[in-house]
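One structure is given here, and the rest of the page talks about it.
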Amino acid sequence: MHKKMKLSDADLLSLFQADPEFQAGFTPRRYDRKTLIYSPFEEKNLVFVVRSGRLRIYLAYEDKEFTLALLEKGDVFSTHTPAFVQALEGAEILVCSTTTFREALARRPEFSLTMVKVLGELLQSSIQTIEGLAFKDVRLRLVEFLVGAAADRGRVTPQGTVVQLGLGTEDIALLVGTTRQTISQIVNDFIKADLLQKIDRKTLLIKDLDAFKEMKEIP
């Protein structure tokens, strides 16, 4: 089981189209790249849906950060958690109070199924993050990330699997819990071994996906 780049396959925005009254309770907000959107110290009980961009959910202890999940278009999240929320790139979210959201769910209980799915996938992502940090070295965590990214958004070509990550080296380092320098070194090792090729700063060509899958399965 891999840690997905996108938190959930559920898309709450599509539910908005079926109920304009539900969407009317949300206020749009825009954020620049690397902006801290919410912190646990704000004590705000809000729910938001990502309309565009990509957000990072993470925990921070002293000088260490642990990424739990990425949120993309259609994902939903609540600020009533001990997590930080940061815009990895320019982003727009739709925000409402938890009270307004709870009332909307009471009117349309089928929306609750989407919420349960998202919360379950966030818990799964969090457990995978903890497991990886506790029991797996950085190289294996990066391998699992690449295999997961290929499954989520890879495009098969005669040369291999093209993966448009939309993430730079620093962002990948945050996701796997290490430094930018370490990720650069491991990626360069894979390039020298003819397993990877950089197409551009945020796109990779995985030349031998089976080799990475085998690395992932080695105890």
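The values are calculated or read from the model by the stated rules, or taken from the named source; none is laboratory data. The model shown is predicted, which means the values in this text are computed figures rather than measured ones. Reconstructed Cβ throughout: ideal geometry from the backbone, glycine too, with neighbour counts over all protein chains shown. Side chains included, ligands, DNA and RNA excluded: accessible areas come from the protein's heavy atoms. Shrake-Rupley method; radii C 1.70, N 1.55, O 1.52, S 1.80 Å.
Selection of the range 147-180 for residues being open to solvent by 40 Å² or more (accessible area, probe 1.4 Å), among the polar types (S, T, N, Q) and within 20 Å of ARG56 (Cβ to Cβ) yields GLN164, THR179.
Applying a threshold of 7 Å to beta carbon distances and a minimum spacing of six or more residues, or different chains, the list of pairs starting in the range 27-55 at a residue that is of a type in the set (Asp, Glu) and ending at one that is part of a loop (DSSP other than H, G, I, E, B) and open to solvent by less than 60 Å² (accessible area, probe 1.4 Å) reads ASP32/GLY90.
Taking into account only those residues within the range 56-85 that are in contact (Cβ under 8 Å) with a residue 24 or more places away in the chain and among the acidic types (Asp, Glu), which is farthest from LYS34 (Cα to Cα)? Even if it seems obvious, please write down each step before you answer.
So the first thing to find is which residues in the range 56-85 are in contact (Cβ under 8 Å) with a residue 24 or more places away in the chain, and the list is 56-60, 65-85.
Now restrict to residues that are among the acidic types (Asp, Glu): 65, 72, 75.
On the way: GLU65: 14, GLU72: 15, ASP75: 19 Å.
The selected residue is ASP75.
Inclusion of LEU55 among residues that are at pLDDT 90 or above and under 13 Å from the mean Cα position of the chain (by Cα) is warranted.
Hey, among THR114, THR129, THR161, THR179, which residue is touching a Gly at 6+ places or on another chain (Cβ under 9 Å), at pLDDT below 90 and hydroxyl-bearing (Ser, Thr, Tyr)?
Values: THR114 fails: touching a Gly at 6+ places or on another chain (Cβ under 9 Å); THR161 fails: at pLDDT below 90; THR179 fails: touching a Gly at 6+ places or on another chain (Cβ under 9 Å).
Going through THR114, THR129, THR161, THR179 in turn, just one is touching a Gly at 6+ places or on another chain (Cβ under 9 Å), at pLDDT below 90 and hydroxyl-bearing (Ser, Thr, Tyr): THR129.
Would you mind stating whether LYS34 is modelled with pLDDT of 90 or more and either aromatic (Phe, Trp, Tyr) or assigned to a loop (DSSP other than H, G, I, E, B) (or both)? Judged against the criteria, LYS34 is a match. Among the residues of the range 190-212, is any closer than 28 Å to LEU59 by Cα, surrounded by 13 or more Cβ atoms within 10 Å (Cβ to Cβ) and more than 20 Å from the chain's Cα centre (by Cα)? Within the range 190-212 (the criterion being closer than 28 Å to LEU59 by Cα, surrounded by 13 or more Cβ atoms within 10 Å (Cβ to Cβ) and more than 20 Å from the chain's Cα centre (by Cα)), the answer is no, since none of the residues qualifies.
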